[in-house]
Amino acid sequence: MIELTALTWGVLITGALLVGIAKTALPGLATFVAAMFAAVLPARESTAVLLVLLMTGDLVAIWVYRRDADFRTLLRLAPPVIAGLVLGATFLAWADNTTMRRTIGVILLALTALTLWSMRRGLDDAAQGVPARIGYGTLGGFTTMAANAGGPVMTLYFLAARFDMMRFLGTQAWFFFLVNIAKLPFSLGLGLLGGEMLVPLLVLAPVVLLGTWLGRVVIRRIDETWFTRVIIALTIVSSLYLLH
């Protein structure tokens with residue numbers, strides 16, 4: 001049994017609140033939650049616990065943004081993402097926590113630099129082309145399977161492709177709803193989700209729902225320019241954290 005102290009509960013409840021906000025407003029926050037959970041729970045098992053909470057937030061997000069998703073983009077991303085999920089599960093089966101964290105940190109920093117460069121050069125069409133879809137999609141599947149850190153990768157893809165804020169949130173909501181469903185069998189197969197976490201999950205799920213409401217309050221007060229700046233800043237900070 002995993003012993004949950006008062007400090008552990010505080011971290012988990014805060015993280016669950018941030019998960020909800022991430023799902024309806026600021027996707028980059030989910031990477032910080034992954035780090036928080038790994039600090040108070042066994043690192044590998046923490047990915048499965050977080051997965052359940054992410055799926056809780058997904059259900060709210062796809063309802064809130066049901067009219068804003070770009071399903072054609074999602075369909076085109078499906079093959080490389082599936083390939084990335086398989087690679088991520090393989091990597092998760094043998095890599096230790098430090099290797100996993102640092103590998104993903106390097107990937108995120110490199111992608112951030114590439115995305116900012118392409119946006120500065122106005123390469124919107126290239127960002128929506130086949131090579132970009134394969135690259136971002138594969139890495140998105142890989143990082144989300146290995147450490148629930150696929151949010152920043154797909155955030156960078158949607159930013160590079162110049163999605164407006166609502167299209168961004170709607171497409172990302174459906175993307176991670178479908179991806180997280182696909183990840184669940186892998187996590188169960190690896191034995192990462194034990195029955196001892198059932199009660200904490202029942203406590204934390206309503207906190208996620210509260211966070212989704214707070215996220216809706218936040219998103220109404222952010223314009224397009226600041227939305228992009230905050231998302232990029234969160235991606236860079238989370239990447240640097242993963243490298244420590």
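Return, ordered by residue number, the residues of the range 37-64 whose backbone nitrogen is under 13 Å from a label point located 7 Å along Cα→Cβ of W213.
none
Could you pull out the trypsin sites (Lys or Arg not before Pro) across the range 53-94 that fall in loop regions by DSSP (anything but H, G, I, E, B) with no more than 15 other Cβ atoms inside 10 Å? Before the final figure, lay out the partial values.
Details: sites: R66, R67, R72, R76; in loops: R66, R67.
Passing sites in the range 53-94 are R66, R67.
What FRET efficiency comes out for Y241 versus R162 if R0 is 30 angstrom and r is the Cβ-Cβ distance? Round to the nearest 0.05. Can you show the working numbers first?
Details: r = 27 Å, r/R0 = 0.91.
Step by step, r from the Cβ atoms, then E = 0.65.
Only one of the values (i) 143; (ii) 130; (iii) 109 was calculated from this structure for volume of the Cα convex hull per residue in Å³; name its label.
Computed from these coordinates, volume of the Cα convex hull per residue in Å³ corresponds to label (iii).
Mark the label point 7 Å from the Cα of V230 along Cα→Cβ and return the residues of the range 9-36 whose backbone N is within less than 18 Å of it.
15-33
Can you compute the label reach from I13? Point 7 Å from Cα along the Cβ direction, backbone N cut-off under 16 Å, restricted to the range 207-229.
Within reach of a label on I13: 207-211.
For a quick check of your reading of the filter: which trypsin sites (Lys or Arg not before Pro) in the range 160-228 sit in a DSSP loop and have no more than 10 other Cβ atoms within 10 Å? If you can, show how the numbers build up before the last one.
On the way: sites: R162, R167, K183, R216, R220, R221; in loops: R162, R220, R221.
Here the sparse-neighbourhood loop sites are R220, R221.
For the range 193-242 and the range 167-190, what is the separation of their C-alpha centers, rounded to whole Å?
Using only Cα atoms, the two centres lie 15 Å from each other.
Using θ = phi - 60° and the Karplus relation 6.51 cos²θ - 1.76 cosθ + 1.60, list the HN-Hα couplings for the range 17-31 in order, rounded to whole Hz, with x at every Gly or Pro.
Values per residue, Gly and Pro as x: 4, 5, 4, x, 5, 4, 6, 10, 8, 10, x, x, 5, 4, 5 Hz.
So if the hydrodynamic radius of the range 1-66 is defined as the Kirkwood radius over C-alpha pairs, what does Stokes-Einstein give as its diffusion coefficient at 4 °C and 1.567 mPa s, in µm² per second? Write out the running numbers ahead of the final one.
Details: Rh = 12.1 Å.
So the translational diffusion coefficient is about 107 µm²/s.
Would you compute the Debye intensity of the range 192-244 from its alpha-carbon atoms alone, equal scatterers and no solvent, and pass along log10 I(q)/I(0) at q = 0.14, 0.15, 0.24 Å⁻¹ to two decimals?
Log10 of I(q)/I(0), two decimals: -0.66, -0.73, -0.90.
Any read-out appearing in this document is the output of simple, stated calculations on the displayed coordinates, not a laboratory observation. What you see is a predicted model, and the numbers here were worked out from it, not measured in a lab. Positions of Cβ are backbone-derived with ideal geometry, glycine not excepted, and every protein chain shown enters the neighbour counts.
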